[in-house]
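Here the structure comes first, spelled out in structure tokens, and everything after it is commentary.
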Amino acid sequence: MTSFLMPGRKKPQKPVELLLVPMIDIFSVLVTFLLMTAVFSRIAISQLDLPSAAAGAPSTPTFRLEVIVRKSGLELTNGSQIIAALPVQNGSYDLARLSAAAAELKSNHPEVDAASVLMAPDVEYDYLVQVMDAIRSTDVATAASAGLAGQVNDRGRVPLFPKVAVGDAP
């Protein structure tokens, strides 16, 4: 017996099945490819000391390097007196002279390993990082010219003031 379709009726269709196996295969290959080609970068994190009011004043007066970063330049102080002033030259800070001055101060005070970087509010954040890097360590040639016979770290640099605290400039 033959069935004839009426002009307004459609043949009943089977429900469509969703095939998940090919999708799972594609995602597993994609995840494997992304894991194999990912660049795993090393993120350097610096430990910073933040000044606190509860710490109080030290019992014995010791030298502490303070680098004040202003739009006009850098000031190196010991907390009360200005040691050196490095003006901005050609629109940039003289980080080589800062590193040389920090190396000389380190040779005069070898037991001190802490310094403070005080930023003016109108100075860009990138300069904070550059100043911190300049006083944290220096190259071997700059250290030798300052009379430092310090230990060379794994990056070929001599540590100066590795413990850096940050704050607002006065």
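Some values worked out for this structure:
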| quantity | calculated |
| --- | --- |
| Close pairs from region 120-132: first open to solvent by 20 Å² or more (accessible area, probe 1.4 Å), partner hydroxyl-bearing (S, T, Y), Cβ under 8 Å, at least 6 apart | Y127/Y93; Q130/Y93 |
| Pair list, Cβ under 6 Å, 6 or more apart: region 60-78 residue more than 16 Å from L105 (Cα to Cα) and at pLDDT 90 or above, other residue open to solvent by less than 10 Å² (accessible area, probe 1.4 Å) and not in a strand (DSSP E or B) | V69/V131 |
| Meets criteria (of a type outside the set (V, I, T), surrounded by 18 or more Cβ atoms within 10 Å (Cβ to Cβ) and either out of contact with any Pro (no Cβ under 9 Å at 6 or more places or on another chain) or over 16 Å from L148 (Cβ atoms) (or both)) for A114 | no |
| Failed item in (1) open to solvent by less than 70 Å² (accessible area, probe 1.4 Å); (2) within 22 Å of the chain's Cα centre (by Cα), with L148 passing the rest | (2) |
| Inter-residue pairs, beta-carbon under 8 Å, first touching a residue at least 40 places away in the same chain (Cβ under 8 Å) and closer than 14 Å to V117 by Cα and in region 81-103, second of a type in the set (S, T, Y) and open to solvent by less than 70 Å² (accessible area, probe 1.4 Å), 6+ apart | S99/T138; S99/T142; A102/T138 |
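The values are calculated or read from the model by the stated rules, or taken from the named source; none is laboratory data. Since the structure is predicted, the reported quantities are computational estimates derived from the model, not experimental observations. A quick note on method: Cβ atoms are made from the backbone with ideal geometry, for glycine too, and the neighbour counts reach across all protein chains shown. With ligands, DNA and RNA removed, areas are computed over all heavy atoms of the protein, side chains included. Shrake-Rupley method; radii C 1.70, N 1.55, O 1.52, S 1.80 Å.
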